[in-house]
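Undergrad: Got a structure here, written out as structure tokens. Questions coming.
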């Protein structure tokens, strides 16, 4: 294997977005390997959507780098970026507003092909119908309009449109948040199936931890623009270290009333006060600075948490 | 669709009848009659004969039915203030200047406004956005008689570029057309800006950017199409409103148009002319709204397919 093949499908290095004096996303590192799913979780306003949009170069980062399959696309002009656009796609939460209401579903799904000048009109139409059936909709839907579909069906159309170009990276920004529970499961299954088929890498942005648990390989928790904890999904769900992560987990609804946990959602001040304090001995050895500012430090098994590290503990 | 058009046509007829009754009653409830002028008082017996000749001595309901029977046969009678011609003839020749000046005003103002609004939406919060918003606000808030007077002052009196009054050779049309264009331009600038911004902020536009579609194509292939519907549907009512002449513009620019007759026919209790004018306007508005609604349905797939919303 050469170096290119080993490079993660998507990598963000120290990506930062500042609006005037406010830092919305603060030095976030992310790595999505081929065929893997990374979940970006956090409350609204935590900067997770901005991070996703920066990965797609739909918002220009103030700082940091974006690598797509090992190639730096941070500074490419929109024109030079076009070939890369085929490799990264997006699905949004609002399935209705994501589809041009004036176009038929066939036109919507085929449009990416025509944007990139692929195939003849007829071939594009055939491909669109093929993708309709791939996402579980009848080919006859090609002549229908978005308003004739349910939310789940529309989200399938969004998925088909995103994947018709055969991208390597899919940014899914809360794709299931507006859907019913049963429909949600269908969309999650669809994404999993297609991911396995296509070797897709996914950046899955969500605050829905039950979906994250079934879909993601790695979980990255964001709070006010910063990564406060990251780690393999199961480890995060069983050994969350940061109080904010724990309060997110506590907020997941539990159906069994006997098992219902005490809700302990923390305020910003409480979280700051509760930032974990670790001694150097608690963490994996790596060059660290003894500082009063919180920093992301490694615990066991590629599990990282933002903590204040000092000898005083 | 057909049943929609039939239903709308029936409701249009109902509107027409209600409007005709209301206007008829209002006209006749104004004290005085057509022959009560102070400049040339008529002897009572002559006045009574004239009233009898015109059927004005009959009970109101009979007058109304007679009038509507005439309307039904497209006979709108003779204007009292100009007995040498028919109401239809008077409207036909008086409408030409209003239609030409007002119509051109809309046809010029609306596209200018759309361009202005588009530029403002695409360069949001830039100087062009502020200029466009200022123009739109001024156009809608400054009364047309102030705009007309300012136009005359600047272009006719100070700069001496154009004549100050507005009918005759086309050079004279410029200022009244400009005065008429202000409201459509301002209205369209506001509509275009908000409709464009609304569409530009939709996720599907972000998806198109993510697909690599150029900004220019996004605007022309998707955003314009989605923003066009409200702009198309306000066009006809606006056209009717302006192309029937403004009392102020026609008075200030001394245009022999329809606008002045709205006032004079009330002043002179010229029942047949006032009725005809009001009925004409209401019919035109009804038709323009009907056509707008049909257009809206044809342009909008959500309605076109019978609203099968789930």
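Undergrad: With the convex hull built on the Cα atoms of region A:63-139, state its orientation-averaged projected area in nm².
TA: That works out to 7.0 nm².
Undergrad: What would the Debye formula give as log10 I(q)/I(0) at q = 0.10, 0.12 Å⁻¹ for the alpha-carbon point model of the protein assembly as shown, no solvent?
TA: Normalising to I(0) and taking log10 leaves -0.97, -1.19.
Undergrad: According to the Cα gyration tensor, what semi-axes, each the square root of 5 times an eigenvalue, does the equivalent ellipsoid of region B:1-153 have, listed from largest to smallest in whole Å?
TA: Here the semi-axes work out to 45, 24, 15 Å.
Undergrad: Which order do B:261, A:141 fall in if you start with the one that has the fewest other Cβ atoms within 10 Å?
TA: Numbers: B:261 28, A:141 22.
In increasing order of surrounding Cβ atoms, one gets A:141, B:261.
Undergrad: Region B:167-310: percent of C-alpha pairs farther apart than 22 Å?
TA: On the way: 6029 of 10296 pairs.
That tail contains 59 percent of the Cα-Cα pairs.
Undergrad: Another one. List the equivalent ellipsoid semi-axes of region B:72-179 in whole Å, largest first, each obtained as the square root of 5λ for an eigenvalue λ of the Cα gyration tensor.
TA: Working: eigenvalues 261, 75, 27 Å².
In descending order, the three semi-axes are 36, 19, 12 Å.
Undergrad: Okay, moving on. For chain B, compute Rg over Rh where Rg is the Cα radius of gyration and Rh is the Kirkwood radius from the inverse mean 1/r over Cα pairs.
TA: 1.07
Undergrad: Could you let me know the centre-to-centre spacing of region A:62-89 and region B:198-269, using Cα atoms, in angstrom?
TA: Centre-to-centre (Cα) distance: 41 Å.
Undergrad: Could you tell me what percent of the DSSP beta bridges with both partners in chain A are antiparallel, to the nearest 5?
TA: Once the DSSP bridges in chain A are tallied, antiparallel ones form about 55 percent.
Undergrad: What is the distance in Å between the Cα centroid of region B:91-168 and that of region A:171-185?
TA: Spelled out, the Cα-based centre of one part sits 50 Å from the other.
Undergrad: Listing A:17, A:134, B:123 from the residue with the fewest other Cβ atoms within 10 Å to the one with the most, what is the order?
TA: B:123, A:134, A:17
Undergrad: Working from Cα positions, state the angle (0 to 90°, nearest 10) between the long axis of helix A:181-198 and the longest principal axis of chain A.
TA: 80
Undergrad: While we're looking at this one, here's another question. Among DSSP beta bridges lying fully in the protein assembly as shown, give the percent that are antiparallel, nearest 5. Working shown, then result.
TA: Values: 26 of 46 bridges.
The answer is about 55 percent antiparallel.
Undergrad: Let me ask something else. For region A:131-192, compute Rh as the Kirkwood radius over C-alpha pairs and then the Stokes-Einstein diffusion coefficient at 25 °C and 0.890 mPa s; write the answer in µm²/s, rounded to an integer. Please report the intermediate quantities before stating the final value.
TA: Numbers: Rh = 12.1 Å.
My calculation gives 203 µm²/s for D.
Undergrad: Now for a separate question. Tell me, rounded to the nearest percent, the portion of alpha carbon pairs in chain A spaced more than 35 Å apart.
TA: More than 35 Å apart: 24 percent of the Cα pairs in chain A.
Undergrad: If neighbour count is taken as other Cβ atoms inside 10 Å, put A:37, A:16, B:137 in order from fewest to most.
TA: B:137, A:16, A:37
Undergrad: Also, quick follow-up: To test your reading of the geometry: what angle, between 0 and 90 degrees and rounded to tens, separates the Cα axis of helix A:121-134 from the longest principal axis of chain A?
TA: Result, in degrees: 50.
Undergrad: In whole Å, what are the extents of region B:234-295 along the principal axes defined by its C-alpha atoms, from largest to smallest?
TA: So the extents along the principal axes, rounded to whole Å, are 39, 27, 12.
Undergrad: For region A:25-95, what D do you get in µm² per second when you plug the Kirkwood radius from alpha-carbon pairs into Stokes-Einstein at 20 °C and 1.002 mPa s? Intermediate results must be reported in sequence, preceding the final value.
TA: Details: Rh = 13.3 Å.
Reported coefficient: 161 µm²/s.
Undergrad: I've got another one for you. Looking at region A:146-232, send over the antiparallel percent of its DSSP beta bridges, to the nearest 5.
TA: In region A:146-232, DSSP labels about 55 percent of beta bridges as antiparallel.
Taken together, the values in this text are just the output of simple stated rules run on the coordinates, not laboratory data. Small disclaimer: the values here were computed from a predicted structure and weren't measured. So basically every Cβ, Gly included, is an ideal-geometry build from the backbone, and we count neighbours across all protein chains shown.
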